[in-house]
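The values are calculated or read from the model by the stated rules, or taken from the named source; none is laboratory data. Here the structure is a predicted model, which is why all the values come from computation and not from measurement. Cβ placement follows ideal geometry from the backbone for every residue including glycine, while neighbour counts extend to all protein chains displayed.
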Amino acid sequence: MAMTPFQQVLDAHRDLVWRVCVAAAGRNDADDCFQETWLAALRAYPRLDDGANVRAWLVTIAQRKAIDAHRGRARRPVAAGELPDAPAPARPESDDGLWDAVRALPPGQRAAITLRYAGDLRPREVAQALGISDEAARRRIADGLKSLRLEVQPT
């Protein structure tokens, strides 16, 4: 059985991979994460098994690239410059508030929530992507949702 041309895979899953990158890495790092995901996928695609779940495989790569972006951000120096005398104005409300809260979750819960909701994977696929049991994946999703409910209260 011949493999689907990579361009068709890219066309079919581009939007899904973009959503995962934005949700997991944030808008600032999403472009780099998106490009790194496709470069890694292009390199590994010839070695992919014929029966592999390409969608879950791509989401896993995107999630791992987002983790790399988080690690890289933690290592980068932050320029402080001169501090203003007055405090900065409060950040306006945006749709990213929920995803900011997701990015603040512990790594296991963050990965499970991102794969489940941004990647639209079933709990079994989340478990496979993270290399954990189905029950552990369901537990991480449930714990993450519980933390989000406590953190993000509707007004």
Could you please let me know if Asp68 is at pLDDT 85 or above, in contact with a helix residue (DSSP H, G or I) (Cβ under 7 Å, 6 or more places away or on another chain), not aliphatic (A, V, I, L, M) and not in a loop (DSSP other than H, G, I, E, B)?
no
Check the range 48-58 and report whether any residue there is in contact (Cβ under 8 Å) with a residue 40 or more places away in the chain and within 17 Å of Arg103 (Cα to Cα).
no
Does Arg124 meet the test of being within 15 Å of Val59 (Cβ to Cβ), without any contact (Cβ under 8 Å) to a residue 24 or more places away in the chain and not aliphatic (A, V, I, L, M)?
yes
Any hit, the range 46-59, residues being at pLDDT 90 or above, surrounded by 13 or more Cβ atoms within 10 Å (Cβ to Cβ), out of contact with any Phe, Trp or Tyr (no Cβ under 8 Å at 6 or more places or on another chain) and of a type in the set (Lys, Arg)
yes
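Need at least 3 residues that are within 25 Å of Leu16 (Cα to Cα) and at pLDDT below 85 per element, so show me which helices (runs of 4 or more DSSP H) inside the range 80-155 make the cut, counting only ones lying wholly within it.
By residue number, 96-103.
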